[in-house]
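Okay, structure first, notes after.
The values are calculated or read from the model by the stated rules, or taken from the named source; none is laboratory data. Remember, predicted model here, so these are calculated numbers, not experimental data. Protein only, heavy atoms only, side chains kept; ligands, DNA and RNA dropped before computing areas. Shrake-Rupley method; radii C 1.70, N 1.55, O 1.52, S 1.80 Å.
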Amino acid sequence: MANPLYGQNKADDRLDLLENGQLVGVVSVAAGVHHTLSARDSGKLIVIAPNSTEVTLPSPAAGMHFTCVLSGDYASAVCLVKQAGSSDDFVGGVFGSTQGENAATDADKAVAANTKITFSSASLAGDRVELVSDGTLWYAKAFVSNYAGITFDN
């Protein structure tokens, strides 16, 4: 329940949303923009417009989480989700289907040497990656319509 004394606890609305399993806001990143997220953006939906858009994550911290989703089909340039530092690591995999086939796991997996997540030329609107951190690693779970839609790269 929100605090009835205005201004006394500015985290109440955010806490209410989290308690009810909801995201705490939306960050929309326009095509061609390079946007750096902050720790305050944790828990938000990151909507990425296609065409050369880049999102840089903050350094991993325990409990931080983001959902990055592509708002349209690939048009002419890939979009990236990048780590804040070269020592930050992704682990996880790509899940989905190739245009409606049975869901399965792609062979592409995130490994310690990967520095970015690429929404490639096969990416479609709604492809997304969910990221959570334990303070050391970013655990990635990517969902795609085409297996090649999201790749983990160096």
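Observations
- V78 accessible area, 1.4 Å probe, all protein chains in place, Å² to nearest 10: 60 Å²
- Overall form of the stretch 26-80 per C-alpha gyration tensor (a/c, 1.5; a/b vs b/c): prolate
- Among D153, D134, the sequence by solvent-accessible area, most first, with a 1.4 Å probe is D134, D153.
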